[in-house]
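These notes are about the structure you will find just below.
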Amino acid sequence: KSKAADMTDKTKTAPEAKDANNSDASANGRPRQVIIHAQYVKDQSFENPNAVAAHLESTETPQVEIGVQVNGDKINDHQYEVRLHITAKASSNETPLFLVDLTYAGIVSAPDATAEEINPLLMIEGPRLLFPFARAIVSNMTRDGGFMPLNLQPVDFVAVYRHSLEMQRKASEEATKQ
């Protein structure tokens, strides 16, 4: 099941936005602007595989594993789709309680960014702007599934971006070794 939310032309001027090198403004010295043209649920899943047992037998605090990934694709010369993928798996005594899988996306542009700035800007600021909406959806899904709302803590998208770059570098090194 999928719900769509259209938030037209949400604009953020990002003088505080830092790319992976912690630079604040574009090369021309002006603050960078990130525009969210639309945002939407791309894929959403909630599984409650042991609903009866989870609600009747479980008295322990569940263990929750959270995963966050950011991906993106170029749509045209000026717009990109940025996807924020959030997973959550809760279990108690190794019994799965719930599984959440959400891909929340936005159509994003950064008109003042240079070619060197565009990737870090969109892959850090894009998900940062989308996260509060995705967080609310995850909270509602777990609450509607009969559990306490899962309130995700803020995510350091600079660290996520750096980790992604490191993983790409390692994959590239492995590919050249073979």
- Would you please put 83-96, 120-133, 161-174 in order of how densely packed they are, using the mean number of other Cβ atoms within 10 angstrom per residue and starting with the highest? 120-133, 83-96, 161-174
- Item | Paramagnetic reach from ASP144 (point 7 Å along Cα→Cβ, amide N under 14 Å) across the stretch 43-72 | 43-48
- Item | Distance in nm between pseudo-label sites at THR61 and GLN178 (7 Å out along the Cβ direction from Cα) | 4.3
- Query: Where Lys and Arg each count +1 and Asp and Glu each count -1, what net charge lies around ASN50 among other residues with Cβ under 15 Å from its Cβ?
  - Reply: -3
- Query: For ARG169 and GLN79, what does the FRET efficiency come to when R0 = 22 Å and r is the distance between their Cβ atoms, rounded to the nearest 0.05?
  - Reply: 0.20
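Here, each number is a calculation from the coordinates, and none is a lab measurement. Quick caveat: nothing in here was measured; it's all calculated off a predicted structure. Using ideal geometry, Cβ is built from the backbone for each residue, glycine included, and neighbour counts are taken over all protein chains shown.
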